[in-house]
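Everything below concerns the one structure shown next.
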């Protein structure tokens, strides 16, 4: 098993790095993605994946969690330090909900349990890569407090500093901003972010909200933005940080 970087695809198509140690699974995933129009390259272990991602940046990564040398969680953690906007789709044969939450909290954009269909994988990849389409309507920018969302650049600035949001975090922020202060339920957020129905007891929305809050509410700005309506869901509203929590909970 090599730890050399995987070769960069020589194509003008969107590129996907498949990180999977099982050869048959890696070949099957790469084949189906190529059939769907992607240019693919395969890394067979975690160290090779990190070496590859430092040599060239694909448009997206499809990542197994259980890998030799460096596991998938460590790859997500490392990659998010230098590539916050790179879509990462996790695939795993394990069915532990805590692992899903951990992968999402570290910065993964989606999570597929094996076995999954090629159609499902392609759909999830297109969703992760299609944030620009989600942000395609409405105003060019949305200002609120010290935050500004630029749909053309897929960029978020807070107090004139660029916030290092992942595609999924940017998508969530835009969805909340479009509603202009209306509270969205977890079910509605799940449908609009992941294009599906939220499984019973699933906490993916709460995990994603915590990720977003860590970057926009805990910044050095003067406002918090992602507000909670107890038992109802979440809304976007600029609330000055000097106001007590009791004020925000009454809103």
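The values are calculated or read from the model by the stated rules, or taken from the named source; none is laboratory data. Please read these numbers as outputs of a predicted model, since none were measured by experiment. Counting neighbours? That spans all protein chains shown, and the Cβs are built from the backbone with ideal geometry, glycine included.
Do you know which residues across the stretch 165-216 are buried (at least 18 other Cβ atoms within 10 Å of the Cβ), without any contact (Cβ under 8 Å) to a residue 60 or more places away in the chain and outside any helix (DSSP H, G or I)? Of everything in the stretch 165-216, those that are buried (at least 18 other Cβ atoms within 10 Å of the Cβ), without any contact (Cβ under 8 Å) to a residue 60 or more places away in the chain and outside any helix (DSSP H, G or I) turn out to be 184, 198.
Regarding the stretch 73-88, can at least one residue be identified that is more than 21 Å from residue 203 (Cβ to Cβ), without any contact (Cβ under 8 Å) to a residue 40 or more places away in the chain and over 18 Å from the mean Cα position of the chain (by Cα)? No: zero hits. Report yes if residue 68 is surrounded by 15 or more Cβ atoms within 10 Å (Cβ to Cβ) and either closer than 27 Å to residue 194 by Cβ or touching a helix residue (DSSP H, G or I) at 6+ places or on another chain (Cβ under 7 Å) (or both), otherwise no. For residue 68, the condition - surrounded by 15 or more Cβ atoms within 10 Å (Cβ to Cβ) and either closer than 27 Å to residue 194 by Cβ or touching a helix residue (DSSP H, G or I) at 6+ places or on another chain (Cβ under 7 Å) (or both) - is not met.
Do you know which residues across the stretch 224-237 are modelled with pLDDT under 90 and on the phi < 0 side of the Ramachandran plot? The answer is 230, and nothing else. Could you check residue 186 against (1) within 23 Å of residue 58 (Cβ to Cβ); (2) in contact with a strand residue (DSSP E or B) (Cβ under 7 Å, 6 or more places away or on another chain); (3) modelled with pLDDT of 80 or more and say which number it fails? Every condition holds for residue 186 apart from (1).
Among all residues of the stretch 24-37, there is none that is closer than 21 Å to residue 99 by Cβ and part of a loop (DSSP other than H, G, I, E, B).
If you go through the stretch 125-144 one residue at a time, do you hit one that is buried (at least 20 other Cβ atoms within 10 Å of the Cβ), modelled with pLDDT of 85 or more and outside the structural domain of residue 214 (by TED's automatic domain parsing)? Within the stretch 125-144, one or more residues are buried (at least 20 other Cβ atoms within 10 Å of the Cβ), modelled with pLDDT of 85 or more and outside the structural domain of residue 214 (by TED's automatic domain parsing). Residues that are in contact (Cβ under 8 Å) with a residue 60 or more places away in the chain and not assigned by TED's automatic domain parsing to the domain that holds residue 203 occur in the stretch 45-61; there is at least one. Residues in the stretch 9-44 that are over 19 Å from residue 78 (Cβ atoms), touching a residue at least 60 places away in the same chain (Cβ under 8 Å) and surrounded by 19 or more Cβ atoms within 10 Å (Cβ to Cβ): 29, 33, 38. In the stretch 52-62, of all residues being surrounded by fewer than 23 Cβ atoms within 10 Å (Cβ to Cβ) and in contact with a strand residue (DSSP E or B) (Cβ under 8 Å, 6 or more places away or on another chain), the one that is nearest to residue 118 (Cα to Cα) corresponds to 59. Just one of the listed residues (91, 105) is assigned to a strand (DSSP E or B), in contact (Cβ under 8 Å) with a residue 40 or more places away in the chain, within 20 Å of the chain's Cα centre (by Cα) and within 19 Å of residue 128 (Cα to Cα), and it is 91.
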